[in-house]
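The block underneath contains the structure these notes are about, expressed in structure tokens.
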Amino acid sequence: MDTARQHAPTDAPVTLGAGVVRRSARLADGRELLYYDDPGTTLGPERAVDARMLEARPETATMRLDVLTGDWITVAAARQNRVLLPGADADPLAPQSPGNPSEVPSRYDVAVFENRSPAFGPALREIVDGTPPAADPPTGLDDLAEVGLGRTRTSVGRCEVVCFSPEHEGSFGTQTVTRARTVIEAWADRTAALSTLPGVEQVFQFENRGEAIGVTLPHPHGQIYAYPYVTPRTSRLLESIARAGRDLFARVLAFEQASERVIVRGEHWTAFVPFAAHWPLEVHVLPHRHVADFAELTDAERDELAPLYLRLLRGVDALYDTPTPYIAAWHQAPVHVGRDVVRLRLELTSPRRAADKLKHLAGSEAAMWAWTAEVAPEEAAGRLREAVEGVIL
């Protein structure tokens, strides 16, 4: 193999906040790959080229409208072929090696790349950097709101994988403060970029942790979805804000800060168990000022978030002798609506209600969305606050 090809330089690097450096590349099938180097990284500036022979990317999925709820359902058959709990020698998120032709060609600190089997994309509403235009994309929010039997649209958008570390096992909570800060910078950078793609209406970062949640890879990673619609959860939130008032998040924050449910409070962020928690373990984190998404955070807010978030996640793991499964969902305001009223926030939830017990959604909750909480939020907050106070970074 040609050495020049194997170690070809990437596009010009870009220095982001906190000294993080972004380097751009492409995978063998044309998918975008971005490296985010820690400040003071030990990695060199060169990155190996992906020399694999890959099949063409799958066709963009189709969305179907559920006229009973107004929800758009993506039908993405290609996702049936995802890798399930591979060993370290076949980890698709590890740096490539002679025996493992994984998704990331080079050693990295943090890497972000387009998902090979996405629910949204790769087609967009318009051509961008060679990305094909969709045959039948949504033309806007008014188009998506129209109700009718048999309505379909192309599932435009983007799905990306965020690798927090090159190590085979771990989670966000097992990273250093420096690495956590690099990931936060990557989240902000990708939020800004994905929000400009034609047809994208909302950007969502999340981490699934644990087999009980349905995780298929033990590698420490998260995902980013760029949706072609405003998600049902956010649409319902906008309805609540319309009824309760535009300052709803400011009032919620003040209400929770005055309660016994606060877990940790910093200069810029407060973590708390919400008054009406759905799950046995549920924590929300809110910034103290109105911020629509990660891209709007100041350097000071990003700096404080890194250790605060790590303390929270390590406190969650300190509750039991084994790691706790969770979904860490970073809700952001939509791209084009509600940005002055919807605040960036974390909602971390776990079905774990005891060391050996999980909450399973049965008839009333799964079918009717009528929730019953088995653990009082104040009790859950007390246990988690004690665990977090014992965390040393």
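The values are calculated or read from the model by the stated rules, or taken from the named source; none is laboratory data. No experiment lies behind these values; they were computed from the predicted model shown. Neighbour counts run over all protein chains shown; Cβ positions are idealised from the backbone, glycine included. Remember, those area values only see protein heavy atoms, side chains included, never the ligands or the DNA or RNA. Shrake-Rupley method; radii C 1.70, N 1.55, O 1.52, S 1.80 Å.
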Find out how many positive minus negative residues lie around Arg151, taking Lys and Arg as positive, Asp and Glu as negative, among other residues whose Cβ is under 15 Å from that of Arg151.
-> -4
Within the chain, what percent of beta bridges assigned by DSSP are antiparallel, to the nearest 5?
-> 95
Going by a ≥ b ≥ c, the root eigenvalues of the Cα gyration tensor, does region 232-318 fall in the rounded group (a/c under 1.5), the prolate group (a/b larger than b/c) or the oblate group?
-> oblate
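Would you please classify the overall shape of region 25-68 from the alpha carbon gyration tensor, given that a ≥ b ≥ c denote the square roots of the eigenvalues, rounded means a/c under 1.5, and beyond that prolate means a/b larger than b/c while oblate covers the rest?
oblate
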Size of charge dipole - the chain - debye, nearest 20, with Cβ of Lys, Arg +1 and Asp, Glu -1, no other charges = 360
Once Lys and Arg get +1 and Asp and Glu get -1 on their Cβ, which of Pro334, Ser165, Gly363 lies farthest toward the positive end of the dipole of the chain?
-> Gly363
Identify the GluC sites (Glu not before Pro) of region 290-393 meeting these criteria: DSSP loop state and at most 15 other C-beta atoms within 10 Å of the C-beta.
-> Glu374
From the residues Val273, Tyr225, Thr322, which one has its Cα farthest along the dipole of the chain in the positive direction, the dipole being from +1 and -1 charges on Cβ of Lys/Arg and Asp/Glu about the Cα centre?
-> Val273
Distance between region 164-178 and region 181-221 - C-alpha centres, whole angstrom | 15
Normalised by the number of residues in region 307-380, what is the relative contact order in percent for Cα pairs under 8 Å and 6+ residues apart?
-> 21
Assign unit charges at the C-beta atoms only (+1 for Lys and Arg, -1 for Asp and Glu), then state the dipole size of region 297-393 relative to its Cα centre in Debye, rounded to the nearest 20.
-> 220
Which whole DSSP H helices in the chain pass both tests: a Cα extent of 15 Å or more along the axis and a mean Kyte-Doolittle value no lower than -1.0?
-> 177-194, 232-244, 299-318, 377-389
Highest-MSF residue in the chain out of Leu65, Leu344, Leu34 [GNM, Cα springs under 10 Å] | Leu65
Mean separation of Cα contacts under 8 Å (6+ apart) over length of region 206-358, as relative contact order % = 29
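From the Cα gyration tensor of region 279-382, with a ≥ b ≥ c the square roots of its eigenvalues, which class applies: rounded if a/c is under 1.5, or else prolate if a/b is larger than b/c, or else oblate?
Verdict is oblate for region 279-382.
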Which whole-number percent is the relative contact order of region 129-237 (Cα, under 8 Å, 6+ apart)?
-> 35
Highest to lowest packing among 198-205, 329-336, scored as the average C-beta count within 10 Å | 198-205, 329-336
Carbon and sulfur %, accessible surface of the chain computed with the full protein complex present, 1.4 Å | 52
For Kirkwood radius over Cα pairs in Å, the listed values are [x] 20.8; [y] 22.1; [z] 21.4; which was obtained by calculation from the structure presented?
-> [y]
Computed over the chain, protein heavy atoms only, probe 1.4 angstrom, the accessible area per residue in square angstrom equals 46
What chymotrypsin sites (Phe, Trp or Tyr not before Pro) in region 235-286 are in a loop by DSSP, with at most 14 other Cβ atoms within 10 Å of the Cβ?
-> Phe275
